[in-house]
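A short write-up of the structure that comes next.
The values are calculated or read from the model by the stated rules, or taken from the named source; none is laboratory data. None of the values given here were measured: they were computed from a predicted structure. Cβ sites come from the backbone with ideal geometry, for glycine too, and all protein chains shown count toward neighbours. To get the accessible areas, we keep the full protein, side chains included, count just its heavy atoms, and leave off ligands, DNA and RNA. Shrake-Rupley method; radii C 1.70, N 1.55, O 1.52, S 1.80 Å.
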Amino acid sequence: MDNYVRIFDTTLRDGEQSPGASLTSGEKVEIARALARMGIDIIEAGFPAASPDDLEAVRRIAIEVGTGPQARSEDADTAQSVTQRQPPIICGLARTTKSDIDAAWEAVRHAARPRIHTFIATSPIHMQYKLKMSPGEVVQRVREMVAYARTLCADVEFSPEDAGRSEPEFLYTVLALAIECGATTLNIPDTVGYTTPEEWGRLIEGIIRNTKGIEKAVVSMHCHNDLGMATANTLAGLRAGARQVEGTINGIGERAGNASIEEVVMALHTRRNLFHLTTGIDTTQISRVSHMVSTYTGIPVQPNKAIVGANAFAHEAGIHQDGMLKHHTTYEIMQPEMIGLTQSSLVLGKHSGRHALRVRLGELGHELTTEELDRAFERFKELADKKKSIADADLEALVADQIYQPREIYALDGLQVACGTMGMPTATVRLRCPDGSLQVQASTGTGPVDAAYKAIDGIINAPNSLEEFSIRAITEGIDAIGEVTVRLESKDEALAPRETAQNGRKRTRSFGGHGADTDIIVASAKAYLSAINKLLVASGRAPAAAPVSTAKP
Ligand code: KIV
Ligand code: ZN
């Protein structure tokens, strides 16, 4: 058995099924690029049958990321070198129906390495209540649809949904049939996060031992986190012989989410003496990709989240600090640099030129066009006037704020607030409108942010409710940049809810917004506007943004 673990990222599909997450196609492409750069083997780019927009986003990823150059340089010491020399596999999800499979193929077929992932439930509960199909009918469907998918694509993944609550004997039959019909990867989902690590390890072991033809396929796992055991289950399954892991960045996903890729990867890396397994992941990209996903989805990362939470490498308590000063290994099992948290605080300053900015951004993975660099440099100079030392984190925020935003339909041109204990919080906002005109509106509110948002609402008619608002300082010090992330739920009737792959549930569309500035009220207003701009594009009230960046994987 090989010791290489394929990492299958479903942030753009299962992650996007998270309550509240909704990404524009430009953001999906950017995330896919970052995943490719990180060394992800397979990107599940979406569920193309959900809507023409979903299909188009997967198609763009197949073309723009799935045909790109190698994700990272070859590492001769590791078994992943062959995989890493090629662009990632781009995968589309499909139910076991002809129309879903056709849509998935249409979306992924331009990739150098396309994959169709088709699934049907096999647990008694799902077959009886959701599918209303007998086990015999499910078997028949698997036979027909896996074979059909295989006529289109040489790389077919099959998942028996809710495998964690399925009868093992039935699973062996269905999986053997899927292999016979051409499936090349068998993905075993714990759809509702029900199992424990011991049970899960036994299930995977049983499948490997009892499924006819299993040696012809890669065994994969897809664990949900309803009982907080997704990572533990995934690791147990690897020990039992599975060699593909499905998960998401920051563990986002349906309900309590999916196994978090950064946790699984860092566990394999940190405890390689125990697992003896390798991945193709460049772990120094983890922090950056985590931040990008949080920014674009509008889903903040909890501070105590393993690996990527703000406190994951902070050593507050005095006793810990004392131990750390004596030797960092006393309380630190991983170094922050391993996930890309660099210690360099002063990378550029007031006197740094355009060339230095380009070089540093390039080192951080942002290859900007001349026009993007001009805009970034303008923002950089403004920032350097206010802030003496500019850290990598500041540059990342600046780029996220300035470059990876959708085209500004409405832009903040001016903002003034009055607040405090002596009167009513009031904000006056001046926006540049799509026709080039400037509009001014003033409003009161419960606080300066509320007042600013109400003033913006007075100019733009984009019905929504604010579901999430989070603010954080990017670096330490009084002159730190404040970074605001918001998530809005659309109340626009023109915006059709989207269907999820598994339960057909309709989800109201929501939009993440991001803003960064040394003034936190300005950052808040920018974040709100960026989410509203996305909402306007999605509802067809403003033209879609052009591709937002040319950064290469
Ligand atoms: O959780 C699940 O079962 C899934 C399948 C579609 C793989 O997401
Ligand atoms: Zn899932």
Pairs with Cβ under 7 Å, 6+ apart, first in region 4-28 and more than 12 Å from ligand 2 (Cβ to nearest atom) and of a type in the set (Phe, Trp, Tyr), second at pLDDT below 95 and not in a helix (DSSP H, G or I): Tyr4/Ala79; Tyr4/Gln80
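Inspect region 2-13 for any residue being in a helix (DSSP H, G or I), surrounded by 24 or more Cβ atoms within 10 Å (Cβ to Cβ), out of contact with any Asp or Glu (no Cβ under 7 Å at 6 or more places or on another chain) and assigned by TED's automatic domain parsing to the domain that holds Gly68 and give the result as yes or no.
The answer is no, given that none of the residues of region 2-13 is in a helix (DSSP H, G or I), surrounded by 24 or more Cβ atoms within 10 Å (Cβ to Cβ), out of contact with any Asp or Glu (no Cβ under 7 Å at 6 or more places or on another chain) and assigned by TED's automatic domain parsing to the domain that holds Gly68.
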Criterion (open to solvent by less than 20 Å² (accessible area, probe 1.4 Å), farther than 19 Å from Ala240 by Cα and assigned by TED's automatic domain parsing to the domain that holds Met229) met by exactly one of Gly201, Gly182, Gly193: Gly182
Residue within region 14-36 that is within 16 Å of ligand 1 (Cβ to nearest atom), in a helix (DSSP H, G or I), assigned by TED's automatic domain parsing to the domain that holds Ala256 and closer than 18 Å to Ala111 by Cα present: no
Complete set of residues in region 196-234 that are within 15 Å of ligand 1 (Cβ to nearest atom) and not in a helix (DSSP H, G or I): Val218, Val219, Ser220, Met221, His222, Cys223, His224, Asn225, Asp226, Leu227, Met229
Check on Asn225, within 16 Å of ligand 2 (Cβ to nearest atom) and either open to solvent by 30 Å² or more (accessible area, probe 1.4 Å) or acidic (Asp, Glu) (or both): yes
Flag for Thr211 being of a type in the set (Val, Ile, Thr), crowded, with 21+ Cβ neighbours inside 10 Å and touching a Cys at 6+ places or on another chain (Cβ under 8 Å): no
Odd one out for Ser470, checked against (1) touching a Pro at 6+ places or on another chain (Cβ under 8 Å); (2) open to solvent by less than 60 Å² (accessible area, probe 1.4 Å); (3) more than 30 Å from Ala314 (Cα to Cα): (3)
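Could you check how many residues of region 139-159 are within 14 Å of Thr185 (Cβ to Cβ), assigned to a helix (DSSP H, G or I) and open to solvent by 50 Å² or more (accessible area, probe 1.4 Å)?
Selection size over region 139-159: 1.
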Unique residue being free of Cβ contacts under 8 Å to residues at least 12 places away in the same chain and open to solvent by 20 Å² or more (accessible area, probe 1.4 Å) when the list is Arg239, Arg271, Arg288, Arg243: Arg271
Matching residues in region 258-282 - criterion: being part of a helix (DSSP H, G or I) and either within 14 Å of ligand 2 (Cβ to nearest atom) or among the aromatic types (Phe, Trp, Tyr) (or both): Ile261, Phe275
Flag if Gly136 is small (Gly, Ala, Ser), without any contact (Cβ under 8 Å) to a residue 12 or more places away in the chain and open to solvent by less than 60 Å² (accessible area, probe 1.4 Å): yes
Residue in region 43-51 that is part of a strand (DSSP E or B) and either at positive phi or at pLDDT below 95 (or both) present: yes
Flag if Arg255 is within 16 Å of ligand 2 (Cβ to nearest atom), out of contact with any strand residue (DSSP E or B) (no Cβ under 6 Å at 6 or more places or on another chain), open to solvent by 50 Å² or more (accessible area, probe 1.4 Å) and not assigned by TED's automatic domain parsing to the domain that holds Leu364: yes
Selected residue [within 16 Å of ligand 2 (Cβ to nearest atom) and either farther than 20 Å from Gly92 by Cα or not in a helix (DSSP H, G or I) (or both)] from Leu171, Leu186: Leu186
Subset of region 359-392 [closer than 19 Å to Ala34 by Cβ and open to solvent by 40 Å² or more (accessible area, probe 1.4 Å)]: Arg360, Glu363, Glu367, Thr369
Flag for Asn233 being open to solvent by less than 40 Å² (accessible area, probe 1.4 Å), within 20 Å of Ile40 (Cα to Cα) and in contact (Cβ under 8 Å) with a residue 24 or more places away in the chain: no
The one condition in (1) away from ligand 1 (no atom under 16 Å from the Cβ); (2) at pLDDT 95 or above; (3) in contact with a helix residue (DSSP H, G or I) (Cβ under 8 Å, 6 or more places away or on another chain) that Ile261 fails to fulfil: (1)
Which listed residue is of a type in the set (A, V, I, L, M), under 30 Å from the mean Cα position of the chain (by Cα) and exposed (fewer than 14 other Cβ atoms within 10 Å of the Cβ), from Ala452, Ala462, Ala494: Ala494
Region 29-55, residues that are more than 16 Å from ligand 2 (Cβ to nearest atom), open to solvent by less than 10 Å² (accessible area, probe 1.4 Å) and within 13 Å of the chain's Cα centre (by Cα): Val29, Glu30, Ile31, Ala32, Ala34, Leu35, Ala36, Met38, Ile40
Residues of region 152-168 classified as away from ligand 2 (no atom under 16 Å from the Cβ) and over 13 Å from Glu180 (Cα atoms), total: 6
